[in-house]
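Notes for the one structure printed next.
Laboratory data are not the source of any read-out in this text; all were calculated from the coordinates shown. Everything numeric here is computed off the predicted structure, so don't read it as measured data. Reconstructed Cβ throughout: ideal geometry from the backbone, glycine too, with neighbour counts over all protein chains shown.
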Amino acid sequence: MAEALLTVSGVIKRFGGIAASDGVDLSIARGECHAVIGPNGAGKTTLIAQVSGELRPDAGRIVFDGADVTHEPAPRRARSGLARSFQVTCLIPSFTAIENAALAIQARQGHSFRFWREARGDRSLNEPAMAALARVGLEGRANVPVGALAHGEQRALEIALALALEPRLLLLDEPMAGMGPSDAARMIALLDGLKGRVAMLLVEHDMDAVFRLADRISVLVYGKVIASGRPEDVRADAEVKRAYLGEAA
Amino acid sequence: MRVPVIDRPRIATFLLFGLLALVPVYAGLFDQPFYLTLFARVMIFALAAVSLDLVLGFGGMVSFGHAAYLGVGAYAVGILAYHGVDSVLVRWSVAILASAAVALFIGSVSLRTSGMYFIMITLAFAQMLFYLAVSLKAYGGDDGLPIAQRGAIGPIDLNSSTQLYYLILVLLGLALALAHRIIGSRFGRALEGAKWNERRAVALGIAPYRYRLVAFVISGTICGLAGALLATLTSFVSPSYMAWTRSGEIIVMVVLGGMATLTGPIVGAIVLLVLEEILATITIHWMLILGPVLVLVVLFARRGLWGWIAGARHG
């Protein structure tokens, strides 16, 4: 692949004696939806945390859009187009939906050292924030405090916040976690609508979603990528069957 | 969603300032000049408490050393007066700049830690400044330093207790308005967002440290002004202004009045200091009465006294 958007090479991350990432290699093309699957404890969330900058790898390199970001702090990576959603809903509880989205917008617009103008009435924040909510179907819930939103709505807001950053790569850590079938179907449709426009690194246990959305799939087991390729190839791979899919079936 | 211009917290705040403005009238009517000094002191601590609320309530930074800025502001005024600097504007400007510089230094070090460590390190810095003041024999050491002249700002004669009282009232009002402005701004949202969910703020591209540090410096500066006012009011500075119990009292004012409410800490300062004054005339063990009162308020008024006065959501 000539010009990958994200290249992870030889990334190692140890917690005590356990290697959560044991030489991970991964590349994601522009606009590609790349799913990472694997059993619990395979190191999927650790991988996302290293790409987003929350964790620093012990060894290896992470290159995003041609720049080595291995040692860049997380906020800077977010500003350069790497946005993530969290496995466990991670929102600002005392803010309303639109206030959460507006915080993402103001972060995207640059520094927040503006002390005087009232943020609540600022149309340059509220209009793009409302647009981000509308993309996930939350425009009717803009003024509801986060705590009063349903679980599915909170998950959608997670995605809206990431989208509000206008990322080039979306890091999705189990976006369907804890969702009922109807919410999950809505989420799959939402992500499907983003395909081709935003590259995605999708960590997900819901295999229906993975095989429907992913252009490529990498299988992570004990911190190592044991297979990587098109969904049909990965599904056919004997080692994958033994290590993962077989277990589930 | 626009909040109506006239709402309950706003009315309550204006009422509060109206009552404070009437104190000199009352004191004059009933010939009780003592009330003027008491409430001037109350408002100075209210100013310090509002400044603490900016970092404690909105930034989640439990500074256990805010008396340090009170002391720095006060000593700046005292030392300049000692060396014959009569201009109040110069005294107060230096006090503000000095406390800002000290807050910048203490904040930049302390904010590398969080939680319990942050509490301890802010306390440690304040204690260092306390003992520094004790060791300054040239400026009175333990005994403190009297200030000969309160001075004047243009036509305002600070030797007049009434004029000084109203000046403090105006400064408190301005500081409160400024704090409201800051909290409602983008800066305030970044600060509050990082307080409630640092992980989320970071993921959005907000690096909390710099916002917290700036908030810390703004807070220390306002508290330094309170210190300058305290030195001017009492015509005296002493290391006791920086005692760690003083830092604790300011925290109590904020918690009692209501964290993250801005006006609440003013109520907290009034209630704490006035109760202290009343109970001290009844018994020297007044803390025995005040202690349980504090416990009850913290237990039953989740947003402090202000939550009870102004309704559930803050103003």
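What FRET efficiency, computed as 1/(1 + (r/R0)^6) with R0 = 30 Å and r the Cβ-Cβ distance, is obtained for residue B:276 and residue B:149, rounded to the nearest 0.05?
Rounded to the nearest 0.05, the efficiency is 0.55.
Can you give the % of DSSP beta bridges in the protein assembly as shown that are antiparallel, to the nearest 5? Please list the in-between numbers first.
On the way: 26 of 43 bridges.
The antiparallel fraction comes to roughly 60 percent.
Considering every residue in A:105-113, what mean count of other chain Cβ atoms within 10 Å of its Cβ is obtained?
Values: counts 2, 9, 11, 2, 1, 2, 8, 14, 7.
Mean inter-chain Cβ contacts per residue within 10 Å come to 6.
Cα-based Rg of region A:60-204 per 2.2 N^0.38 Å, rounded to two decimals?
Scaled against compact globular proteins, the figure is 1.05.
Could you tell me the extents of region B:194-264's C-alpha atoms along the three principal axes, largest first, rounded to whole Å?
Here the spans come out as 50, 24, 21 Å, largest first.
Could I get the Rg over Rh figure for region B:22-243? Both from C-alpha atoms, Rh via Kirkwood, rounded to two places. Show your work: numbers first, answer last.
On the way: Rg = 18.2 Å, Rh = 18.0 Å.
For region B:22-243, the value is 1.01.
At R0 = 51 Å, how high is the FRET efficiency between residue B:157 and residue A:205 if r is their beta carbon distance? Nearest 0.05 is fine.
0.10
Give me the one-decimal nm value for the distance between modelled label points at residue B:22 and residue A:76, 7 Å along each residue's Cα-to-Cβ direction.
Label at residue B:22, label at residue A:76, 5.9 nm between them.
D for region B:1-143, whole µm²/s, Stokes-Einstein with Kirkwood Rh over alpha-carbon pairs at 20 °C and 1.002 mPa s: what number?
Answer, rounded: 119 µm²/s.
So what's Rg/Rh here for the protein assembly as shown, counting alpha carbon atoms and using the Kirkwood radius for Rh?
Reported Rg/Rh, Kirkwood definition of Rh: 1.08.
If you consider only alpha-carbon coordinates, what radius of gyration and Dmax does chain A have, in Å?
18.2, 62
Decide, for region B:74-202, between rounded, prolate and oblate: order the square roots of the alpha carbon gyration tensor eigenvalues as a ≥ b ≥ c, take rounded if a/c falls under 1.5, and otherwise choose prolate if a/b is larger than b/c, else oblate.
Details: a/c = 3.12, a/b = 1.41, b/c = 2.22.
Because a/c hits 1.5 or more and a/b fails to exceed b/c, region B:74-202 counts as oblate.
Compute the distance in nm between two label points, each set 7 Å from the Cα along the Cα-to-Cβ direction, one at residue A:111 and one at residue B:177.
Inter-label distance under the simple model: 2.7 nm.
Over chain B, what is the mean sequence separation of C-alpha contacts under 8 Å (at least six apart), divided by residue count, expressed as relative contact order in percent?
Answer for chain B is 32 percent.
Using only the alpha-carbon atoms of region A:27-80 as identical scatterers, what base-10 log of I(q)/I(0) does the Debye formula give at q = 0.25 Å⁻¹?
-1.14
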